[in-house]
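The values are calculated or read from the model by the stated rules, or taken from the named source; none is laboratory data. Not measured: the values here are computed from a predicted model. Because the Cβ atoms are built from the backbone with ideal geometry, glycine has one as well, and the counts that use them run over all protein chains shown. Quick note on the areas: whole protein, heavy atoms, side chains included, nothing else; ligands and nucleic acids left out. Shrake-Rupley method; radii C 1.70, N 1.55, O 1.52, S 1.80 Å.
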Amino acid sequence: MKKTVKLFALVMGAMLLLSGCGGDGNATQPKELAIATASIGGAFYPVGQEIANLVSTYADGLSMSPEVTGGAVENPRLLDSGESDFGITNANIAYFAGQGTDPFTEPLNVQAVGNLHASVFHIITMADSPINSIADLKGKKIAVGPSGGGTLPILELVLEKYGMTMDDIVPSYLSYSDGFTQLSDGNVDVALALSGYPASSVMEISATDKIKFLEPEQDILDEIASEYSYYTVVTVPAAEYKLDADAKAIGVNNVLLVRKDLDEDTVYKVTKAIYDHLDEFAENNASAKQIDPNTLADTAIGLHPGAQKYFDEKSGK
């Protein structure tokens with residue numbers, strides 16, 4: 001009898017030890033999530049870093065890490081393939097991904113979490129450059145951003161408005177940081193960035209060199225904004241980059257996307273962690289200061305049910 005009791009005690013002790021170190025213990029480990037951002041030097045990576053910080057801090061049971069990627073065009077594909085869970089992109093790219101139109105061949109497995117800051121299409125050259133207009137870009141060497149980035153669809157549209165195509169320029173597919181380094185070194189004539197202002201790569205070059213912001217003519221800007229609902233006309237203050245005057249540029253809202261098949265509770269927690277803490281977001285990230293709290297749910301594609309639940313709660317539905 002004593003042996004039986006002793007054996008029972010040993011078995012129970014082993015089971016308790018296993019339950020403490022194994023199965024139930026794993027429940028305390030946060031669920032790891034990834035957010036696809038872009039290359040270093042633009043706004044997406046630091047915005048993604050701060051989103052990851054907010055989620056890891058305020059979303060119970062979740063942890064998030066930012067990933068360096070090709071950018072706005074690549075990110076929906078990473079979500080669709082399951083390689084990332086969340087990703088930042090531009091409103092136009094989100095729309096194309098949802099519809100399955102160029103540069104995508106079919107609708108992707110993505111939905112929206114909510115809007116973020118607006119990005120500005122920077123077209124930058126050196127102040128002493130003979131290039132003074134978009135028409136002058138023909139035949140020039142241009143750092144167009146990474147091949148999966150958001151600059152390319154807008155560049156193609158702008159070139160089209162001036163009767164040109166990508167064949168009329170000499171593109172270099174570089175990260176924003178590398179592109180502006182090449183501009184400063186004289187290896188390219190123009191560098192592009194699609195980023196909230198101030199963009200770190202543009203700030204870096206303007207700290208040591210005088211630069212020039214190339215603007216499409218006002219009628220071209222108005223035409224683009226009229227034809228495409230996801231584009232706007234943005235004024236970049238001269239003081240941001242030590243310009244001689246304010247500059248007009250094409251702007252586009254940015255959107256946080258999520259895999260459509262991610263569970264509702266996880267997406268709800270992520271949405272709440274971000275948008276319940278916009279003050280902290282803005283305090284730690286310059287681009288986040290430009291997020292409009294009144295248009296968070298007015299996304300270019302449909303909201304994920306988890307995000308919809310959050311916004312319904314906020315509006316009292």
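Which residue out of 289, 309, 242, 317 is open to solvent by 10 Å² or more (accessible area, probe 1.4 Å), out of contact with any Phe, Trp or Tyr (no Cβ under 7 Å at 6 or more places or on another chain) and outside any loop (DSSP other than H, G, I, E, B)?
Answer to the check: 289.
Quick test for you: out of 87, 145, 100, pick the one residue that is among the small types (Gly, Ala, Ser) and closer than 28 Å to residue 273 by Cα.
Just a single option satisfies the conditions, and that option is 87.
Kindly indicate whether residue 235 is part of a strand (DSSP E or B), hydroxyl-bearing (Ser, Thr, Tyr), farther than 21 Å from residue 298 by Cα and open to solvent by 40 Å² or more (accessible area, probe 1.4 Å).
Criteria met by residue 235.
Could you check the range 182-198 and list, in sequence order, the residues that are at pLDDT 95 or above, in contact with a Ser or Thr (Cβ under 9 Å, 6 or more places away or on another chain) and not in a loop (DSSP other than H, G, I, E, B)?
182, 183, 184, 190, 191, 192, listed by residue number.
For residue 41, state whether it is at positive phi and at pLDDT 90 or above.
no
Determine which member of the set 40, 88, 93, 51 is under 27 Å from residue 180 (Cβ atoms), part of a loop (DSSP other than H, G, I, E, B) and aliphatic (A, V, I, L, M).
Step by step, each of 40, 88, 93, 51 is checked, and only 40 is under 27 Å from residue 180 (Cβ atoms), part of a loop (DSSP other than H, G, I, E, B) and aliphatic (A, V, I, L, M).
If I go through the range 138-179 residue by residue, how many of them are in a helix (DSSP H, G or I), in contact with an Asp or Glu (Cβ under 9 Å, 6 or more places away or on another chain) and surrounded by 23 or more Cβ atoms within 10 Å (Cβ to Cβ)?
0
Answer with yes or no whether residue 201 is at pLDDT below 95, assigned to a helix (DSSP H, G or I) and surrounded by fewer than 14 Cβ atoms within 10 Å (Cβ to Cβ).
No, not satisfied.
Only one residue in 81, 129 is in contact with a strand residue (DSSP E or B) (Cβ under 9 Å, 6 or more places away or on another chain), farther than 19 Å from residue 153 by Cβ and surrounded by fewer than 24 Cβ atoms within 10 Å (Cβ to Cβ). Which one?
Within the list 81, 129, the selection yields 129.
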